[in-house]
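Reading through the structure tokens given below for one structure.
The values are calculated or read from the model by the stated rules, or taken from the named source; none is laboratory data. Keep in mind it's a predicted model, so treat the numbers as computed, not measured. Quick reminder, even Gly has a Cβ in these numbers, built from the backbone with ideal geometry, and neighbours come from all protein chains shown.
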Amino acid sequence: MRILISGGRVIDPASGVDEIADVLIEDGIVQSAKCKVQSDSTSHFSLLTSHCIDASGKLVVPGLIDMHVHLREPGHEYKETIQSGCAAAAAGGFTAVCAMPNTHPVNDNRQITEYILNKAKDAGLSRVYPVGAISKGLSGERLSEYGELKDAGVLAISDDGKPVINSRLMRRAMEYAKAFDLLIISHCEDLELATGGVMNEGALATQMGLAGIPNAVESIMVMRDIALCELTGARLHIAHVSTAESVRAIREAKKRGCPVTAETAPHYFMLTEDAVTGYNTHAKMNPPLRSEKDREAIREGLADGTIDAIVTDHAPHSLLEKDTEFDAAANGIIGLETSLGLSLKLVEQGVLSLNTLIEKMSINPARILGVPMGLTVGNPADITIIDPDMAWTVNSEKFRSLSRNTPFNGWELKGQAVYTIVGGKICTT
Amino acid sequence: MQFNKKDILDIASLSCEEIAFILDTADKMKEISQRPVKKVPILRGKTVVLFFYEASTRTRSSFDIAAKRLSADSISLAASSSSISKGESLIDTAKNLQAMNADVIVIRHSASGAPHLLASQLKSGIINAGDGTHAHPTQALLDMMTVREKKGRLKGLRIAIIGDIAHSRVARSNIVGFNKMGAEVVLAGPPTMIPSGVESLGAKVFYDIDRAVEGADVVMMLRIQKERQKNFLFSTEREYAKVFGLNKQRLKRAKSDVIVMHPGPVNWGLEISPEFMESPGSVILDQVENGVAVRMALLYLVAGCTRNADTD
């Protein structure tokens, strides 16, 4: 089977391509990524292809990868399933997602990893890269079997949702992970310092009578993990960066040559704590939405390369967990179907070039995870075709996700994925 | 003045005119409580539910008495003896109360914003009887009523609020309320008990209680919860009483006609010296008396508003 994507603006920062070109896919593999534009519709290419996509006016980019997603299966299928999560991912333009291990049971063993991979295969949509647990049961007490996890298909390990409190365990996890070349994804939070906190600490929290979470809750652990990374030489990736202090610490560590990478999410560069006003539980997340100063710092970190990746931290929750007192509400929002539209605003607002945005949503995540990167000939044909001019309104009722917990409902966005192609298979219509 | 608020959620959502109107109404209500027959029929046939998720003596009995003096039918629900203890959610329980045609739901809850959640989803009038560390509007109104009664005005007065500001909904509502009414609010307490950015509510902050008391017309002491020691908010009760407690010596820095207030329950000997139990400047029991009047006024105004809404 051959697919020809013709006449689109092909952007592949991995190979420095940014031009109007055709992309040819054969048997799920990129055959040619820079072939000449075929102006004549009866050309030999068109005759030989079984499917032709006219991408004129569209962006043809390497498939977007979301390194931070909670698919909730097994255990919380009423919030999301691997099937619905992958459908949401494909709708949002993501050809691959990393599934965090805080499921029930926890993904700390071969059986769960294989279960997730089988379910993803059945869904037949976006790829799923399972993330294994750093500690058995996310308990922070002993290491999971990294060798087994790696063998079953895990690319990275994390206790996401919880920090690894014990510095000795984190050190050993980093060292042990080196034997299997596993990436460590760290959820940075000093739980004692955060005790009781439900939103950013500051004047608004004081006015609303909500307990605050100071920035230091995150940056203390970012600095600790950087120190451990320098001690061990492991590959460290800092999850969901939300504060100016964390950005600064990561920037300085990178300057010293520390092998640390970092991600942030659209809500941290689009929103501030003001979204919590009115006790809006759709703006409750961990780390919390921060101040304008932090939002600016996150944007600077994205622009200067301190922050490598844009992720969603897609965290589905049902109405049961959100239609409650603010203190009792679950943390997190969904993001797969809004991430691209929100991130394109960074281009519109002059924070990132289109090329840099594609780096942060595809190339860098691929490099950090160690999976095929860009539209290089011979790579699996994971391609996202984006209509950059399509204006649309976020309507959570229409989401493929089973959950509706988004603070962006009703937002006017511009730019949407029109085709998500995974291994040569078109996963969106 | 037309008062058309369905809910009383916090002081911030009331205008100066509305506050003054509530206080004027409360002044009239107070007279009812001083009659030999303390009952009028103005809320006859109205149902008031007192929905208390947190322990309370003063506020709950005050609301209960207020409702009964206006001839409303009041029922009391405590979290421990209701289906909440079976795990029913707040919003479910409240919707059930509404289905029984409660006209007004008075709610106290440990989570800030809980009354706002109810107000956004229910047709019944909601009165906040204290939510988390956010607001305690009826307490602030009774405090303003008491100060206005003793001083004849609120504008231009210096109000010192001292103690655990961080965990006090009384402090937050009073800062906002007294500010709105033109008074100057100063705060004092150990830095561990001063919440971040509290100046944004309109208050000056001191760590030295003497500087806050200096020239004050009103000194309001807040209750110190002894279990806060576990959260490292203060060292010992002895040191707290010595450094941050109010005593007569310290009060000499205030105006000579200063009044001393406390929302109760009082820890005599901790935040305030027992010297004030019988002191003429202490208005702590006047606050309690005015509490009934303010709650009568609010029940009357809110039930009146929901009644209009029904007939519209």
Residue that is modelled with pLDDT of 95 or more and at positive phi, where the choices are A:GLY233, A:GLY212, A:GLY197: A:GLY233
Filter result for the condition that a residue is crowded, with 22+ Cβ neighbours inside 10 Å, under 25 Å from A:ILE334 (Cβ atoms) and among the aliphatic types (A, V, I, L, M), over A:VAL260, A:VAL276: A:VAL276
Of all the strands (runs of 3 or more DSSP E) wholly in the stretch B:51-135, which have at least 2 residues that are free of Cβ contacts under 8 Å to residues at least 60 places away in the same chain and within 14 Å of chain A (Cβ to nearest Cβ)? B:104-109
Residues being in a loop (DSSP other than H, G, I, E, B), buried (at least 24 other Cβ atoms within 10 Å of the Cβ) and in contact with an Asp or Glu (Cβ under 7 Å, 6 or more places away or on another chain): count how many of those fall in the stretch A:81-98. 1
Looking only at the stretch A:311-322, which residues are touching a helix residue (DSSP H, G or I) at 6+ places or on another chain (Cβ under 6 Å) and within 14 Å of chain B (Cβ to nearest Cβ)? A:LYS322
Enumeration of residues in the stretch A:118-134 that are buried (at least 19 other Cβ atoms within 10 Å of the Cβ) and within 22 Å of A:GLY370 (Cα to Cα): A:ALA120, A:LEU125, A:SER126, A:ARG127, A:VAL128, A:TYR129, A:PRO130, A:VAL131, A:GLY132, A:ALA133, A:ILE134
Checked against (1) over 28 Å from A:GLN207 (Cβ atoms); (2) modelled with pLDDT under 95; (3) hydrophobic (A, V, I, L, M, F, W, C), A:LEU319 satisfies every condition except (1)
For the stretch B:257-274, enumerate the residues that are at negative phi and surrounded by 16 or more Cβ atoms within 10 Å (Cβ to Cβ). B:VAL258, B:ILE259, B:VAL260, B:MET261, B:HIS262, B:PRO263, B:VAL266, B:ASN267, B:LEU270, B:GLU271, B:ILE272, B:SER273
Single match in B:GLN229, B:GLN249 (criterion: more than 18 Å from B:HIS167 (Cα to Cα) and among the polar types (S, T, N, Q)): B:GLN249
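If we only count helices (runs of 4 or more DSSP H) wholly inside the stretch A:117-220, which ones have 1 or more residues that are in contact with a His (Cβ under 7 Å, 6 or more places away or on another chain)?
Fully inside the stretch A:117-220 and qualifying: A:203-208.
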In the stretch A:347-381, residues that are on the phi < 0 side of the Ramachandran plot, in a loop (DSSP other than H, G, I, E, B) and without any contact (Cβ under 8 Å) to a residue 12 or more places away in the chain total 3
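B:ILE105: modelled with pLDDT of 95 or more and touching a Pro at 6+ places or on another chain (Cβ under 6 Å), yes or no?
Values: modelled with pLDDT of 95 or more: yes; touching a Pro at 6+ places or on another chain (Cβ under 6 Å): no.
No; evaluated as a whole, the condition is false for this residue.
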Residues of the stretch B:272-302 that turn out to be of a type in the set (Ser, Thr, Tyr) and assigned to a helix (DSSP H, G or I), as a count: 1
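Which residue, of A:PRO105, A:PRO101, is buried (at least 24 other Cβ atoms within 10 Å of the Cβ), at pLDDT 95 or above and in a loop (DSSP other than H, G, I, E, B)?
Values: A:PRO105 fails: buried (at least 24 other Cβ atoms within 10 Å of the Cβ).
Step by step, each of A:PRO105, A:PRO101 is checked, and only A:PRO101 is buried (at least 24 other Cβ atoms within 10 Å of the Cβ), at pLDDT 95 or above and in a loop (DSSP other than H, G, I, E, B).
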Filter pass, B:GLU149 being outside any loop (DSSP other than H, G, I, E, B) and either within 13 Å of chain A (Cβ to nearest Cβ) or among the hydrophobic types (A, V, I, L, M, F, W, C) (or both): no
Suppose the filter is more than 14 Å from every other protein chain (Cβ to nearest Cβ) and within 24 Å of the chain's Cα centre (by Cα); does A:GLU230 pass it? no
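Go through the stretch A:196-212 and give me each residue that's facing chain B (nearest Cβ under 8 Å) and either touching a residue at least 12 places away in the same chain (Cβ under 8 Å) or among the β-branched types (Val, Ile, Thr) (or both).
If the condition is that a residue be facing chain B (nearest Cβ under 8 Å) and either touching a residue at least 12 places away in the same chain (Cβ under 8 Å) or among the β-branched types (Val, Ile, Thr) (or both), then A:GLU201, A:GLY202, A:LEU204, A:ALA205, A:THR206, A:MET208, A:LEU210, A:ALA211, A:GLY212 are the ones that fit.
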Taking the stretch A:215-238 only, how many residues are acidic (Asp, Glu) and either buried (at least 20 other Cβ atoms within 10 Å of the Cβ) or not assigned by TED's automatic domain parsing to the domain that holds A:SER291 (or both)? 2
Is there a residue in the stretch B:69-79 that is crowded, with 16+ Cβ neighbours inside 10 Å and under 25 Å from B:VAL176 (Cα atoms)? no
Quickly run through the stretch B:227-237 and pick out the residues that are out of contact with any Ser or Thr (no Cβ under 8 Å at 6 or more places or on another chain) and either modelled with pLDDT of 95 or more or surrounded by 16 or more Cβ atoms within 10 Å (Cβ to Cβ) (or both). B:ARG228, B:GLU237
Condition test on B:LEU285, is it more than 14 Å from chain A (Cβ to nearest Cβ), surrounded by fewer than 13 Cβ atoms within 10 Å (Cβ to Cβ) and not small (Gly, Ala, Ser)? yes
Tally the residues that are out of contact with any Pro (no Cβ under 6 Å at 6 or more places or on another chain) and in contact (Cβ under 8 Å) with a residue 60 or more places away in the chain, restricting the search to the stretch B:154-173. 9
Which one of these is aromatic (Phe, Trp, Tyr) and part of a helix (DSSP H, G or I): A:TYR279, A:TYR268? A:TYR268
Of the residues in the stretch A:328-359 that are within 14 Å of another protein chain (Cβ to nearest Cβ) and surrounded by fewer than 20 Cβ atoms within 10 Å (Cβ to Cβ), the one that is farthest from A:VAL69 (Cα to Cα) is A:ALA328
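Could you identify the single residue in A:GLY341, A:GLY301, A:GLY332 that is within 21 Å of A:ASP190 (Cβ to Cβ), part of a helix (DSSP H, G or I) and not aliphatic (A, V, I, L, M)?
A:GLY301
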Total residues in the stretch B:213-271, condition within 14 Å of chain A (Cβ to nearest Cβ), outside any loop (DSSP other than H, G, I, E, B) and more than 19 Å from B:ALA171 (Cβ to Cβ): 1
Of those in the stretch B:170-206 that are of a type outside the set (A, V, I, L, M, F, W, C) and buried (at least 23 other Cβ atoms within 10 Å of the Cβ), the residue nearest to the other protein chains (Cβ to nearest Cβ) is B:PRO195
Report yes if some residue within the stretch A:235-248 is out of contact with any strand residue (DSSP E or B) (no Cβ under 7 Å at 6 or more places or on another chain), of a type in the set (Gly, Ala, Ser) and either over 23 Å from A:SER343 (Cα atoms) or within 12 Å of another protein chain (Cβ to nearest Cβ) (or both); otherwise report no. no
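When you check A:GLY212 against the structure, is it in the same structural domain as A:LEU138 (by TED's automatic domain parsing), surrounded by fewer than 19 Cβ atoms within 10 Å (Cβ to Cβ) and small (Gly, Ala, Ser), yes or no?
Against the criterion (in the same structural domain as A:LEU138 (by TED's automatic domain parsing), surrounded by fewer than 19 Cβ atoms within 10 Å (Cβ to Cβ) and small (Gly, Ala, Ser)), A:GLY212 does not qualify.
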